[in-house]
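Comments concern the structure below.
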Amino acid sequence: MLRTTSTLVVAGAACALASWLFASSQFFALQASLVGVAVILAVSLNLINGITGQFSIGHGGFMGVGAYVGVVTSSLLTQFQLLPGAPQVVSDQLVLLIALATGGLAAGTMGFLVGLPSLRLKGDYLAIVTLGFGEIIRVAIQNTKEIASDELKLVQAQGIGAELAYRVTHLGRATGLSQIPQLTSFGMVWFWVFVVVMVTRRILGSPHGRALLAIREDEVAAEAMGVDTTGYKVRAFAVASFFAGVAGALFAHFQAIITPAQFDFVKSTEIVVFIVAGGLGSTSGAVVSAMALTLLPEVMRSLFGGFNVEQIRKPLFGLLLVVIMLTRPQGLFGTHELWDLGKRKKRPA
Amino acid sequence: MPETLGTREVKPPLLGVSGVEVRYGAIQALRGVSLSVGQGDVVALIGANGAGKTSTLRAVSGMLKPTAGTVQLAGQDITGQPAHTLVGKGMAHAPEGRGIFPNLTVLENLELGAYLRSDKAGIAQDLERMYGFFPVLRERQAQLAGTLSGGEQQMLAISRALMSRPKLLLLDEPSLGLAPQVTQTIFRILREVNAQGVSILLVEQNAHLALGLAHWAYVLETGAIVMEGTGQALLASDDVRKAYLGE
Ligand SMILES: Nc1ncnc2c1ncn2[C@@H]1O[C@H](COP(=O)(O)OP(=O)(O)OP(=O)(O)O)[C@@H](O)[C@H]1O
Ligand SMILES: [Mg+2]
């Protein structure tokens, strides 16, 4: 516990230092944040699809839940003086942390509710249900109302309860929410990258990790060993959804604008491509591939110039997936980990 | 009532199955199966393909819920309880088709067999016991289980089941697809395991081997038990010889 705490403190300090050093380069900070969010999404989805052997294609939806809940939280909290007398940065970061927590918990709870019925069944139900879930979230947001500033003022006068009710029903339809306070530094993003990687490694190194791997390998046999397969699948799913929610809340608070389209099926597929390319089951693979694939369109743009990054991303990823499946179906890393390189080879490539 | 051959030695009951029915949609696989395993017994269940042997084991081990009937383990009703909760109650199931974890090593497979146990010393001791039964597993302990031969995988499946220190071991066709010599080895070990106090409920196509080992045996036909008796008596029965021993 002490070791965990001190590692977290050191990682946090390193991320804060890096944020401060590179704060002057907005381009760098934005790219670093985007890459970090992609890594959190990939590493957490890998916990479900790679390590536990289930198949979710709705991670974007859970990211969206985290983003919207996080923004509602922060927009409520920024009006209050949480720490009287403390500097603005400190209270901003406190607001952000609370927004990340609520966003993550909301997504995690959703994950639990979605996972419980669908993971009790063996087979591909999860894929279908998560696909549907992502769409439901998108459609639900599109059917809320837009915030009108005069209306908001009236509601605010009626107290925080009324404002909360107003905000959750006014998520800005397809145009989304804008002017979100940019509270996220890329150091904060990378701090969460560190947390999700560490949590995954901890789980894998424990008896729980064994149970998850056993489920991936053979669910019936895992059950016969005494593994509560449904319980483990649901918990892994909820933990992964929590991190997707945190990623969404982080994203919202540096992107400043969120729309439902950012968390749609295309987003979910993108995250699946990250982990398939990196090697299902490999955390290092998820990290490396999420970084490379997020930067690749940007690099291509600066090399060849001219085109829109968003437009190039879809065909590029589609092509990449086909090439990987044909040439290296196990992905870049297979199930190997960077930190196991020195050790004796145990798993097949 | 099924025909009974020979007399059964009275032992304290360990497993009691009574009137169990199992359906797969419209198909009724079991039509009221009743059987029992006494403490220290080896009980065999023989029958043709599709008779319902695997379904019986699944109903016992909680892999599927019977639509009627009860299952009792050591006097406790366990009908329809999920499989993972029965391991802690002393039941181990080596499912049909072995069901080893192919991308985990032999050692990791064995450790997963002891998943619910926390007594490190006892686990280490049992690991040695398994390596004693099947020395080839020790040589292969760092190898991926999926790369083992069929016979070695069966040895692993049985050892892994034993790693939970069960009172009752359920085995589904341990001889399936194995060379006679390997089958001999496995049955020799099963006899030894039984002598060490583990009761066994054994499903086998190879009726000769199964009846040779069993204290008591049941013959299953299209979802119902049609005959029971001592292993020796069934081996001597003309009906059984004709139907299951190919004579
Ligand atoms: N999952 C399933 N869905 C539908 N029918 C099934 C299922 N499993 C078994 N059955 C049917 O139930 C009956 C009994 O099957 P079971 O597997 O118990 O037989 P078995 O005695 O173990 O046969 P074998 O010796 O071939 O392993 C068969 O008619 C089979 O077709
Ligand atoms: Mg069978």
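The values are calculated or read from the model by the stated rules, or taken from the named source; none is laboratory data. Note that the structure is predicted; figures quoted are calculated from it, not measured. Reconstructed Cβ throughout: ideal geometry from the backbone, glycine too, with neighbour counts over all protein chains shown.
Could we say that A:T184 is surrounded by fewer than 20 Cβ atoms within 10 Å (Cβ to Cβ) and of a type in the set (V, I, T) here?
In short, no.
B:R165 fails exactly one of the following numbered conditions: (1) within 14 Å of chain A (Cβ to nearest Cβ); (2) within 21 Å of B:E96 (Cβ to Cβ). What is the number of that condition?
Failed condition: (2).
Of all residues in region A:217-258, how many are within 8 Å of chain B (Cβ to nearest Cβ) and crowded, with 21+ Cβ neighbours inside 10 Å?
10
Which of (1) more than 14 Å from chain B (Cβ to nearest Cβ); (2) farther than 22 Å from A:M110 by Cα; (3) surrounded by fewer than 21 Cβ atoms within 10 Å (Cβ to Cβ) does A:L204 not meet, given it meets every other one?
(1)
Determine the pairs where a residue that is closer than 22 Å to B:A121 by Cβ, located within region B:145-173, has a partner that is assigned to a helix (DSSP H, G or I) and within 16 Å of ligand 1 (Cβ to nearest atom) with Cβ atoms under 6 Å apart, the partner being 6 or more residues away or on another chain.
That search, which allows pairs on different chains as well, returns nothing.
With respect to the numbered conditions (1) of a type outside the set (F, W, Y); (2) within 16 Å of ligand 1 (Cβ to nearest atom); (3) on the phi > 0 side of the Ramachandran plot, which one is the sole condition not fulfilled by B:N206?
Here B:N206 meets the rest and fails (3).
Which number in (1) assigned to a helix (DSSP H, G or I); (2) within 14 Å of chain A (Cβ to nearest Cβ) marks the one condition that B:R191 misses?
For B:R191, the exception is condition (2).
A:G176 passes all but one of (1) crowded, with 18+ Cβ neighbours inside 10 Å; (2) free of Cβ contacts under 8 Å to residues at least 60 places away in the same chain; which number fails?
(2) is the only condition that A:G176 fails.
So which residues in region A:1-48 are small (G, A, S) and closer than 24 Å to A:L204 by Cα, if there are any at all?
A:S6, A:A11, A:G12, A:G36, A:A38, A:A42, A:S44
How about region B:95-114: which of its residues are more than 16 Å from ligand 2 (Cβ to nearest atom) and of a type outside the set (V, I, T)?
Scanning region B:95-114 gives B:F101, B:P102, B:N103, B:L104, B:L107, B:E108, B:N109, B:L110, B:E111, B:L112, B:G113, B:A114.
As an exercise: evaluate B:L148 against (1) more than 16 Å from ligand 1 (Cβ to nearest atom); (2) more than 14 Å from chain A (Cβ to nearest Cβ) and give the number of the one condition it does not meet.
Among (1) more than 16 Å from ligand 1 (Cβ to nearest atom); (2) more than 14 Å from chain A (Cβ to nearest Cβ), B:L148 violates only (2).
Counting just the residues of region B:107-133 that are away from chain A (no Cβ under 11 Å) and either small (G, A, S) or touching a residue at least 40 places away in the same chain (Cβ under 8 Å) (or both), which one comes out surrounded by the fewest Cβ atoms within 10 Å (Cβ to Cβ)?
Among those that are away from chain A (no Cβ under 11 Å) and either small (G, A, S) or touching a residue at least 40 places away in the same chain (Cβ under 8 Å) (or both), it is B:A121.
What are the residue pairs meeting all of these: first residue in region B:26-54, first residue within 23 Å of B:S175 (Cα to Cα) and of a type in the set (S, T, N, Q), second residue assigned to a strand (DSSP E or B) and near ligand 1 (Cβ under 10 Å from one of its atoms), Cβ atoms under 6 Å, and 6 or more apart or on different chains?
Every condition considered, the pairs that remain are B:T54/B:D172.
Yes or no: B:L201 closer than 30 Å to B:K120 by Cα and at pLDDT 95 or above?
yes
Can you tell me which residue is farthest from the other protein chains (Cβ to nearest Cβ) among those in region B:210-247 that are within 16 Å of ligand 2 (Cβ to nearest atom) and part of a helix (DSSP H, G or I)?
Checked region B:210-247; the qualifying residue farthest from the other protein chains (Cβ to nearest Cβ) is B:Y244.
Does A:L116 meet the test of being surrounded by fewer than 17 Cβ atoms within 10 Å (Cβ to Cβ), part of a helix (DSSP H, G or I) and at pLDDT 95 or above?
no
Condition first: touching a residue at least 60 places away in the same chain (Cβ under 8 Å) and more than 7 Å from chain A (Cβ to nearest Cβ). Now tell me which residues in region B:83-96 satisfy that.
Result: B:G90, B:M91, B:A92, B:A94, B:E96.
Just give me the residues in region A:155-173 being farther than 21 Å from A:L250 by Cα and either in contact (Cβ under 8 Å) with a residue 24 or more places away in the chain or in a loop (DSSP other than H, G, I, E, B) (or both), in sequence order.
Hits for region A:155-173 are A:Q156, A:Q158, A:G159, A:I160, A:E163, A:T169.
Out of B:L15, B:L57, B:L30, I need the residue that is away from ligand 1 (no atom under 16 Å from the Cβ), under 30 Å from A:L121 (Cα atoms) and buried (at least 22 other Cβ atoms within 10 Å of the Cβ). Which one?
B:L15
Identify, please: which residue in region B:62-85 is part of a strand (DSSP E or B) and of a type outside the set (S, T, Y) and is, among those, farthest from B:F187 (Cα to Cα)?
Only one residue tops the list, namely B:A68.
Could you tell me how many of the residues in region A:15-45 are surrounded by 18 or more Cβ atoms within 10 Å (Cβ to Cβ), farther than 10 Å from A:M291 by Cα and modelled with pLDDT of 80 or more?
Of the residues in region A:15-45, 7 are surrounded by 18 or more Cβ atoms within 10 Å (Cβ to Cβ), farther than 10 Å from A:M291 by Cα and modelled with pLDDT of 80 or more.
From B:R165, B:R188, B:R140, which residue is loosely packed, with under 15 Cβ neighbours inside 10 Å and of a type in the set (D, E, K, R)?
B:R188 is the lone residue from the list that is loosely packed, with under 15 Cβ neighbours inside 10 Å and of a type in the set (D, E, K, R).
Would you mention how many residues in region B:6-61 are away from ligand 2 (no atom under 11 Å from the Cβ), of a type outside the set (F, W, Y) and part of a strand (DSSP E or B)?
26
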